[in-house]
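The values are calculated or read from the model by the stated rules, or taken from the named source; none is laboratory data. No experiment lies behind these values; they were computed from the predicted model shown. No Cβ is skipped: glycine too gets one built from the backbone with ideal geometry, and neighbour counts run over all protein chains shown.
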Amino acid sequence: MFTGIVEELGTVAGLQDQRDAVRLTVHGPLVTGDAAEGDSISVNGCCLTVVESADGSFTADVMQETLDKTSLGALEPGSRVNLERAVTPATRLGGHIVQGHVDGTGEVLSRTPSEHWELVEVSLPDGLDRYLVDKGSITVDGISLTVVTVADGRFSVSLIPETLSRTTLGLKQPGDVVNLEVDVIAKYVEKMVKQ
């Protein structure tokens, strides 16, 4: 489990093609400082398991299902990625409950800068709009964000300077694909109401 508060902007150091999987190596000295084999690290919102960790980098195996259903399949050496270690009982829950299980991908549609913040609009895959509400939570590339508006297969979020400078959302442009995870509490509420 994660909070959606990105700890570090890492860099893809290597990708080893294994035909039906990829062995991904990411340089991230902060998140690897106490990383051990078997630990979970969120990479752009995808929960990955550390298989090796050394010299400020960690390696994880990414199966074909994850490559097909997330934006991780488009990573290249040098790509920047959002990194967060799994929560501990002593971790502050500064964002919201994030599982690291991507529900779908969206596309950055537009960016509207303001003096101190930026409004970003993202497309929403069919079926996910029912889990979003104005001022609710969504995870975009592993970042816990507050929804500004939801309408017509799209949603918007406002990004403060901290988010723009410390995450990949400061780099994403219209047309770029992002990973989306809706609030898991909304999914549980829906299931209970349907029973």
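Things worth noting here:
- Some residue of the stretch 128-138 being under 15 Å from residue 183 (Cβ atoms), of a type in the set (Val, Ile, Thr) and not assigned by TED's automatic domain parsing to the domain that holds residue 36: yes
- Exclusive hit being without any contact (Cβ under 8 Å) to a residue 40 or more places away in the chain and either closer than 23 Å to residue 66 by Cα or not β-branched (Val, Ile, Thr) (or both), set 103, 183, 126: 126
- Members of the stretch 114-133 that are modelled with pLDDT of 95 or more and closer than 20 Å to residue 161 by Cα: 118, 119, 120, 121, 122
- Candidate set: the stretch 171-195, residues that are surrounded by fewer than 16 Cβ atoms within 10 Å (Cβ to Cβ) and under 20 Å from residue 111 (Cα atoms); chosen: the one nearest to the chain's Cα centre (by Cα): 171
- Given (1) over 16 Å from residue 23 (Cβ atoms); (2) out of contact with any strand residue (DSSP E or B) (no Cβ under 6 Å at 6 or more places or on another chain); (3) surrounded by 13 or more Cβ atoms within 10 Å (Cβ to Cβ); (4) touching a residue at least 40 places away in the same chain (Cβ under 8 Å), index of the condition residue 69 fails: (4)
- Candidates are the residues of the stretch 103-127 that are touching a Gly at 6+ places or on another chain (Cβ under 6 Å) and not polar (S, T, N, Q); the one that is surrounded by the most Cβ atoms within 10 Å (Cβ to Cβ) is 122.
- Criterion applied to 180, 169 was being under 27 Å from residue 12 (Cβ atoms) and part of a strand (DSSP E or B), and the one residue passing it is 180.
- Of the residues screened, residue 120 is not one that is part of a strand (DSSP E or B), over 18 Å from residue 170 (Cα atoms) and either among the basic types (Lys, Arg) or outside the structural domain of residue 13 (by TED's automatic domain parsing) (or both).
- Within the stretch 70-93, being within 13 Å of the chain's Cα centre (by Cα) and not aliphatic (A, V, I, L, M) holds for 70, 71, 80, 82, 84, 85.
To keep it simple, each residue is scored yes or no on (1) in the same structural domain as residue 72 (by TED's automatic domain parsing); (2) of a type in the set (A, V, I, L, M, F, W, C); (3) over 21 Å from residue 170 (Cα atoms); (4) buried (at least 18 other Cβ atoms within 10 Å of the Cβ).
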{"residue": "22", "(1), (2), (3), (4)": "yes, yes, yes, yes"}
{"residue": "26", "(1), (2), (3), (4)": "yes, yes, no, yes"}
{"residue": "30", "(1), (2), (3), (4)": "yes, yes, no, no"}
{"residue": "33", "(1), (2), (3), (4)": "yes, no, yes, no"}
{"residue": "49", "(1), (2), (3), (4)": "yes, no, yes, no"}
{"residue": "52", "(1), (2), (3), (4)": "yes, no, yes, no"}
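- Of all the residues in the stretch 129-155, those that are in contact (Cβ under 8 Å) with a residue 12 or more places away in the chain and farther than 21 Å from residue 46 by Cα number 9.
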